[in-house]
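Every read-out reported here was derived from the displayed coordinates using simple, explicitly stated rules and does not represent laboratory data. Just so it is clear, the model here is predicted, and its values are computed rather than measured. Cβ coordinates were reconstructed from backbone atoms using ideal geometry, including for glycine residues, and neighbour counts include every protein chain displayed.
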Amino acid sequence: MKIAEAPVDNAPALPRVRFRDARIEMSHGAGGKASRRLIEGLIAPLLGGPLLAPLADAAFLEVDGARLALTADSFVVRPLRFPGGSIGELAVNGTVNDLAVSAAQPLALLLTFVIEEGIATETLEAELRAIAEAARRAGVEIVGGDTKVVEHGKADGLYVTTAGLGRADLRARLSPRSVRPGDQVLLSGPIGDHGITILLARGEIDLEADLRSDTRSVYPFVEAILGVAASGLRWMRDPTRGGVATALNELARDSGLGIVLHEEEIPVREAVRGACELLGLDPLHIANEGQFLAVVAPELAEAALAAVRAVPGGGEAVIIGEVREQPARTVLAAASYGGTRVVDMLVGDPLPRIC
Amino acid sequence: MCLAIPGKVIDFVAETPQLAVVEVSGVKRQVNVDLLRDEPLGPGDWVLIHVGFAMSRISAAAAEEQMRMLSMMGEDLQAMEEIEGYQFGQDPS
Amino acid sequence: MKYVDEFRDPRLIRQAADEVRRLARPDRHYRIMEVCGGHTHAIYRFGLEGLLPGNVELIHGPGCPVCVLPMGRTDDGLALAELPGVVFTAFGDVMRVPGTKGSPLEHKARGAEIRMVYSPLDALKLAQGHPGKHVVFFAIGFETTAPSTALTLLKARQLGLGNFSVFCNHVTIIPAIRAILDSPDMRLDAFVGPGHVSTVIGCRPYEFIAQDYGKPIVVSGFEPLDVLQSLVMILRQLADGRSEVENQYARVVPWEGNLPALRALEEVFELRPYFEWRGLGFISQSALKLRDEFAEWDSERRFDVPGIRVTDPKAAQCGEVLKGVLKPPQCKLFGTECTPERPVGALMVSSEGACAAYYHYVHRMAAAGSLEG
């Protein structure tokens with residue numbers, strides 16, 4: 001096996017260990033600033049090799065002339081089942097989506113189950129069926145994995161970790177560094193459905209709404225964009241934990257450019273908006289599991305948008321903003337009446353406010 | 001300092017009349033309406049919700065009056081601009 | 001959303017902003033304090049400052065309950081959280097507030113049983129569901145939130161619930177406004193009054209501001225049009241040389257307030273002789289404690305609360321910022337030693353603290369360069 005040179009953009013000089021937090025807290029896993037501190041300050045410095053791209057969704061390897069994308073993910077969710085999905089579907093779709101937004105066609109998955117002693121076989125079986133169905137829909141093969149059982153009280157029922165293999169689409173070269181002022185930001189559909197569904201499904205705040213997780217493979221949409229706008233496709237990301245705000249802040253930081261969002265254009269379902277207004281949350285910080293963001297050159301943006309909209313489930317896709325020179329490394333939301341605000345990365349988990 | 005949001009009373013919880021089901025943009029929650037006990041409250045009424053309590057009744061009449069004032073602000077401005085226009089001897093059309 | 005979207009109408013917002021610009025005399029500088037952190041939040045969330053002329057300056061006031069809470073009180077509450085068998089409950093806002101040994105979230109990471117609740121009634125429910133545990137509710141907030149704690153305590157008494165208590169940090173807004181008005185370096189021209197507090201206390205308690213101090217105050221809602229309309233009303237008062245209490249938020253705020261809420265407050269709470277406010281120091285009769293009849297549900301009387309006092313570093317100039325003497329970035333620690341992720345002073349603690357709001361929405365923009373792109 002021959003390992004190709006890593007893409008230049010993904011191999012920064014390795015930083016020193018500079019993680020100063022005394023303990024790992026929930027916020028270090030919430031996808032926001034604390035997560036970034038942990039990865040960049042501790043994990044990357046200690047594990048980094050020339051191929052490590054800690055903040056990209058997938059790594060690329062060249063094997064006998066074929067360019068392959070490799071990704072790993074892990075899934076921890078409470079409750080295991082929720083309206084619109086379950087941990088099994090999340091595991092498949094989440095892994096597939098990491099490959100898809102790296103412009104790779106998902107091919108195969110490995111799945112590892114960490115099962116808590118005492119979980120009902122029925123529960124596990126339901127997850128396996130959900131996984132098989134999600135894999136069928138996403139067009140990926142489950143080619144292996146591992147199973148471990150841990151003591152009661154140690155694994156919240158079930159954890160799933162995955163590895164995914166995909167074939168890189170050679171028509172696209174994605175990198176934050178290729179993003180240019182004037183590029184358009186495309187969003188595939190309404191935001192916040194997954195995060196708010198989970199928040200409600202936990203039952204801790206006693207809210208009821210007719211909402212479902214948006215978990216799905218986004219590869220069909222990516223494939224559609226690649227078909228018409230591959231040469232103008234600069235960057236993609238699935239805005240999971242930390243939401244659209246965090247994904248775009250990472251882009252702003254990594255590209256050194258500014259992103260201006262047209263706030264009124266961003267699709268948010270009524271119930272998601274209602275829950276966010278009630279709990280003092282920003283929909284831009286809420287997790288999604290079936291949406292993606294794409295930055296496309298201005299001359300190809302309309303074609304990319306039309307292609308996504310033509311795919312079933314893509315009808316609500318919209319251009320939500322554009323890349324600008326200034327304000328550098330910042331995401332702004334602009335309202336049509338002239339007000340602007342800075343959209344920051346999420347600090348820790350989104351917490352409901354009363355003030 | 002206090003996040004509060006308008007919601008519409010949909011229903012009351014059986015046997016606990018101080019609990020109402022209130023809807024905010026497609027999201028429902030049980031809300032304690034004990035602080036509004038001085039005047040009768042019914043389905044369709046709008047209330048302001050804070051930490052699971054209805055704090056006040058929303059007055060549709062006052063909201064309309066406010067919207068009227070806000071719209072007038074624009075008319076005043078327009079009128080003012082027109083007057084200024086005349087002063088400068090320009091055609092107001 | 002009814003009663004929300006109308007008040008975010010872009011055309012009317014532009015009109016109202018035009019009216020503010022028209023009313024603000026170019027030869028004058030206006031310093032207007034929005035008392036309530038909710039207004040601070042709205043002003044930044046909707047980018048309202050950018051719509052105002054440069055000589056209309058908004059000063060962000062003391063109405064952010066987690067900002068003005070002394071760190072010692074957080075430490076006291078967290079000392080309770082560490083007692084065996086105690087479940088510590090608090091609003092989401094409190095979960096990231098730093099104590100000397102870390103925030104409630106950090107204590108949770110170390111194993112303390114800490115739960116976020118949306119309502120004090122949720123904490124009560126938790127106590128009912130866990131008879132073997134003692135549930136402490138860490139109560140914060142102004143008069144808007146205090147009645148909900150009062151009703152919860154009345155219910156606890158009615159149920160005879162023995163495993164529930166409240167660590168009370170409720171404060172009252174009027175003494176804080178008076179403290180600011182009495183400060184010798186006070187330079188404010190008018191106030192945007194706290195709309196949601198006023199649903200409870202009504203508009204009458206503000207009369208001294210207009211009558212004794214000659215400052216206009218307009219009780220205001222929280223949508224962009226509410227805030228702009230309030231500024232218009234304030235500027236009209238100043239132009240006419242009037243100082244009155246006006247109610248912009250009449251759709252929600254009755255002039256007399258909420259009588260059942262006031263009665264519940266009276267039944268459950270009494271004023272503390274004095275209470276410490278971060279940034280403002282000790283203010284007499286500015287906070288609530290449980291009456292003797294509710295001693296059984298008072299965490300401070302049921303448990304041995306250490307009574308910790310932590311003073312803020314001298315270099316933190318929260319008080320000056322609160323009074324409008326300094327703007328947040330003029331504080332020596334702003335943005336360097338004191339940031340939202342590692343707050344030193346009170347106003348950086350919550351996203352609606354003046355400094356945190358300024359940091360999130362303005363400082364980063366300034367650091368990033370100009371707005372025009």
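Just to be sure I understand: of the beta bridges DSSP finds with both ends in the protein assembly as shown, what percent are antiparallel, rounded to 5?
60 percent
Placing a label point 7 Å from the Cα of A:E302 along the Cα-to-Cβ line, the residues of the stretch A:187-202 whose backbone N sits under 19 Å from it are A:187. For the stretch C:1-120, the relative contact order comes to 19 percent (Cα pairs under 8 Å, sequence separation of at least 6).
Exactly which chymotrypsin sites (Phe, Trp or Tyr not before Pro) in the stretch B:1-72 are in a DSSP loop and have at most 15 other Cβ atoms within 10 Å?
none
Per residue, the average separation of C-alpha pairs within less than 8 Å and at least 6 apart gives chain A a relative contact order of 21 percent. Measuring from each cysteine beta-carbon in the protein assembly as shown, the ones with no other cysteine beta-carbon under 4.7 angstrom are A:C276, A:C355, B:C2, C:C36, C:C168, C:C203, C:C318, C:C331, C:C338, C:C355. Assuming R0 = 22 Å, what is the FRET efficiency of B:E39 and C:R11, from their Cβ-Cβ distance, to the nearest 0.05? Calculated transfer efficiency: 0.05. Each of B:I58, C:I43, B:I49 was scored by other Cβ atoms within 10 Å of its Cβ. Arranged with the fewest first, they read B:I58, B:I49, C:I43. Compute the Cα gyration tensor for chain A, then decide on rounded, prolate or oblate, letting a ≥ b ≥ c be the square roots of its eigenvalues: rounded whenever a/c is under 1.5, prolate when a/b is larger than b/c in the other cases, and oblate in all that remain. It is rounded, given that a/c, with a ≥ b ≥ c, falls under 1.5. Describe numerically, in nm with one decimal, the distance between label points set 7 Å from Cα along Cα→Cβ at A:D206 and at A:R136. My value for the distance between the label points is 4.2 nm.
Charges were assigned to the Cβ only: +1 to each Lys and Arg, -1 to each Asp and Glu. The resulting dipole of the protein assembly as shown about its Cα centre is roughly 1860 debye. Just to be sure I understand the rule: take each whole DSSP H helix in chain C, project its Cα atoms onto its long axis, keep it if the span is 18 Å or more and its mean Kyte-Doolittle hydropathy is at least 0.5. Which ones pass? Length and hydropathy pass: C:224-240. Sorting A:Y337, C:Y359, C:Y213 by the number of Cβ atoms found within 10 Å of their own Cβ, with the fewest placed first, yields C:Y213, A:Y337, C:Y359. Would you mind computing, in nm to one decimal, how far apart the modelled labels at A:S336 and C:R242 are, each placed 7 Å from Cα along Cα→Cβ? Going from the A:S336 label point to the C:R242 one covers 3.4 nm. Taken along the Cα-to-beta-carbon direction at a fixed 7 Å, the label points for A:L47 and C:E341 span 2.0 nm. Sparse packing (at most 13 other Cβ atoms within 10 Å of the Cβ) combined with a DSSP loop state is found for the following trypsin sites (Lys or Arg not before Pro) in the stretch C:165-256: C:R187, C:R242.
Between A:R177 and B:E75, what FRET efficiency follows from the Cβ-Cβ distance if R0 is 51 Å, with the result rounded to 0.05? The calculated FRET efficiency here is 0.45. What FRET efficiency do you get for C:E267 and C:K332 if R0 is 45 Å and r is their Cβ-Cβ distance, rounded to the nearest 0.05? So, using R0 = 45 Å, E works out to roughly 0.45. Taking a straight Cα-Cα cut-off under 25 Å and skipping sequence neighbours fewer than 8 places away in the same chain, the lysines within cross-link reach of C:K314 are C:K101, C:K323, C:K327, C:K332.
For the stretch A:111-171, GluC sites (Glu not before Pro) are listed when DSSP marks them as loop and at most 10 other Cβ atoms sit within 10 Å of their Cβ; the list is A:E151.
Short-range pairs are left out: with C-alpha atoms under 8 Å and at least six residues apart, the relative contact order of chain C is 21 percent. When the Cα gyration tensor is reduced to axis lengths a ≥ b ≥ c, the ratio a/c stays below 1.5 for the stretch C:318-366, which is therefore classed as rounded. Available extension along the chain between A:H262 and A:A230 is 9.1 nm, counting 0.36 nm per residue and deducting the alpha carbon span.
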